[in-house]
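Each remark here refers to the structure printed beneath this line.
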There are 2 protein chains.
Amino acid sequence: MRLVVLGAGAIGSLLGGLLSEVGEDVTLIGRRAHVRAIRSNGLHIDGVTGRRKIKVKAEVAPSRAGKADLVLCTVKAYDTRAAAADARPLISKESIFLCMQNGLDVEKEAAHEIGAEQIVRGVTNNGALLVKPGYVKHTGLGDTLIGCPDKKWRDKINELVKALNSAGLPAEITERIHDIVLSKVLVNVGINPLGAITHLRNGDLVKNPLLKDLMKSAVEEALRVVDKLGISIVDGDIVEKTFKVAEATAPNKNSMLQDVEKGKRTEIDFINGAIVRIGEEIGVSTPINYTLTALVKGLELSAANTR
Amino acid sequence: MRLVVLGAGAIGSLLGGLLSEVGEDVTLIGRRAHVRAIRSNGLHIDGVTGRRKIKVKAEVAPSRAGKADLVLCTVKAYDTRAAAADARPLISKESIFLCMQNGLDVEKEAAHEIGAEQIVRGVTNNGALLVKPGYVKHTGLGDTLIGCPDKKWRDKINELVKALNSAGLPAEITERIHDIVLSKVLVNVGINPLGAITHLRNGDLVKNPLLKDLMKSAVEEALRVVDKLGISIVDGDIVEKTFKVAEATAPNKNSMLQDVEKGKRTEIDFINGAIVRIGEEIGVSTPINYTLTALVKGLELSAANTR
């Protein structure tokens, strides 16, 4: 299968690199320094799946990658639309555009540029870190779940799932991808902005009674939006799940905190901001998520001011 | 009049120093380094009221100050109770304990230690900065307003007001001190935590539409608590006033942001936290102020963790 990874940072390089190792025809599209390092020294992956050096194609410009059977999109949520536009030369009627990002509504962003029927949603629970250009650390092994909105994509998605599994990455097709995305977003709703604002690691957030209560309140408020939409989450008690995820990742600074510390834009608009937006549309008030969203946008502004 | 300033930091040293210069018998109670500097080199005041060096008594231990006609309390809101306990040796039946701090309910804190009938509330709108031990900068001239809860204190408070005026500090007795305190707190509700969390200066908060809207929402939510208490604020449109204060102090980092940047405890419990507490007591929901309070407490925890 001809695979193009759009936005090959940590997670995209990890998936693309390991898929290339098991024989898929992969091209990584990434930043110049990363592409240059991979071209001259290969892609180095170290961590929970062992240490290896992989020879894989890498390009800066998507247009140089040629037509793809499947485009794996791992750009930041807010870059989705621009990335999808750049990817148009890669896409034929037979191509899948697989959104593997965090956040709600990334498919809608992609659908501005690419036919909605070609867009597939996935979620990966692997953890990865770009240590330096060309070097990825696989920090946590997790499952990868992929939806299949149309029967005609089943063979291709099955092929991808098999390739991931043979690369040592547990993966499967799921009927309830939207439920899974939503439940991951709800966990992020509770953890991400709290860490980003207080600079506390995940474990410290749940150790503090006030912040643990705020985490609960933020998730419950988002659940009221989800309930009103008529969606019932199969994933059990999401508040408890949020606490468990924070405890299981106690020493981690969440991705939004990492973005804030680097002075980068965050994905708040696709997490708490999306809850506020949907809440407004369906008439559910979301003062806590509104406050969290505005404050994180303020932190982004503050970082931009000091650049 | 024998005046003791309890918690002579920037504002306490400014008021005490200028009162001493016009002939009042003043003792400043402050931190060791500040007291030592004042004893060896005098108190230096520079800024909007000119530059001078003042010889004024200074002590670390309140007990060494002797009985006071009036204790001027300018400690941080959260230190009020401890300061009032320390001040008991200074207090006779004829002494006034004047709370000149920011925040709601500081009188209640003092009343744990000192007879409620001796406690008087005041507000000062002067700005001051402790540049280094012994050196205070008077950054903004503002009025000082003092309540008079009991006729028997009127002569003494009048004497203080006259002394302040002759020291070049506009001051007056007011019938509506609680209204004035509340209106100052409501402005702080909108400005302080937003600056503390985003690290933005006051002017940048109102320039950003999202943060300006959050400022408005936080103040309006607090006003619903005030309304339910049956208090009508005479000070006009408090939301507009908050915007105006932020614009008038555009280049400033607010005091809560200064505390956060120094890794110090903030006065959040006496500002937004007090609104949440009162809201809970009277059944008015305050999700925005609750979120802001928990986040600022998280920032305090974060600073404590890195100490």
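Label reach from B:Glu247 (point 7 Å along Cα→C-beta): in region B:181-210, amide nitrogens under 13 Å belong to B:203-204, B:206-208. For region B:2-175, the antiparallel share of DSSP beta bridges with both residues in that region comes to about 30%.
Inter-chain Cβ neighbour count for A:285-293, averaged per residue, equals 5 (cutoff 10 Å, partner chain atoms only). In terms of Cα atoms, the Rg and Dmax of region B:89-213 work out to 17.2, 53 Å.
Per-residue mean of foreign Cβ neighbours for B:297-303 is 6 (Cβ atoms of other chains, 10 Å radius).
In nanometers and ordered shortest first, the copy-to-copy spacing of the A:Ser166 label point, defined 7 Å from Cα toward Cβ, is 9.7.
If I take all pairs of Cα atoms in region B:156-307, what percentage of them are more than 21 Å from each other?
Of all Cα-Cα distances in region B:156-307, 50 percent exceed 21 Å.
Measuring between alpha carbons in the structure, the pairs from B:Lys55/B:Lys184; A:Lys108/A:Lys244; A:Lys55/A:Lys162; A:Lys76/A:Lys216; B:Lys253/B:Lys297 lying more than 24 angstrom apart are B:Lys55/B:Lys184; A:Lys108/A:Lys244; A:Lys76/A:Lys216. Plainly put, the tip 7 Å out from Cα toward Cβ on A:Ser40 is 5.8 nm from that tip on each other copy, the closest given first. Here the sum of -39500 (n - 2.57) over DSSP H runs of 4 or more residues, divided by the residues of the protein assembly as shown, equals -14500 deg cm²/dmol at 222 nm, to the nearest 500. Between A:His178 and B:Lys162, the simple label model (points 7 Å from Cα in the Cβ direction) yields a spacing of 7.9 nm.
What you get for the protein assembly as shown, charging only the Cβ of Lys and Arg (+1) and of Asp and Glu (-1), is a dipole of about 2520 debye around the Cα centre.
Taking a label point 7 Å from Cα toward Cβ, how far is A:Glu261 from its twins in the other copies, in nm, shortest first? Label-point separations across copies, in nm and ascending: 2.2.
Just the number, please: carbon plus sulfur as a percent of the accessible area of the protein assembly as shown, 1.4 Å probe, no ligands or DNA/RNA counted.
Values: 12780 of 25790 Å².
Carbon and sulfur together cover 50 percent of it.
Net charge in the neighbourhood of A:Ile275 (other residues with Cβ under 14 Å of its Cβ; Lys, Arg +1, Asp, Glu -1) is -4.
Taking the DSSP beta bridges with both ends in the protein assembly as shown, the antiparallel portion is around 30 percent. Of all DSSP bridge pairs formed entirely within chain B, close to 30 percent run antiparallel.
How crowded by other chains is B:198-211, given as the mean number of beta carbons from other chains within 10 Å of each beta carbon?
Counting Cβ atoms of other protein chains within 10 Å of each residue's Cβ and averaging gives 4.
Rg and Dmax over the alpha-carbon atoms of the protein assembly as shown stand at 29.9, 93 Å. Size descriptor for region B:2-175, Kirkwood hydrodynamic radius: 15.7 Å (Cα pairs only, one decimal). Qualifying GluC sites (Glu not before Pro) in region A:44-109, where qualification requires a DSSP coil assignment and no more than 13 other C-beta atoms within 10 Å, comprise A:Glu94. Annotation for region B:70-97 versus region B:214-251: alpha-carbon center distance of 30 Å.
Please enumerate, by chain and number, the aspartates and glutamates with C-alpha under 15 Å from the C-alpha of A:Lys228, excluding those fewer than 8 residues away in the same chain. List returned: A:Asp179, A:Glu220, A:Glu280, A:Glu281. Binning the C-alpha pair distances of chain B at 10 Å intervals from 0 yields a P(r) profile of 6, 27, 35, 24, 7, 0 %, listed from the shortest bin outward. Using a cutoff of 8 angstrom between alpha carbon atoms and counting only pairs six or more residues apart, the relative contact order for chain B works out to 15 percent. Between the alpha-carbon centres of region B:107-152 and region B:253-302 there is a gap of 21 Å.
The values are calculated or read from the model by the stated rules, or taken from the named source; none is laboratory data. Source: prediction; values computed, not measured. Cβ atoms come from the backbone with ideal geometry, glycine included; neighbour counts cover every protein chain shown. Just the protein is used for accessible areas: all its heavy atoms, side chains included, with ligands, DNA and RNA removed. Shrake-Rupley method; radii C 1.70, N 1.55, O 1.52, S 1.80 Å.
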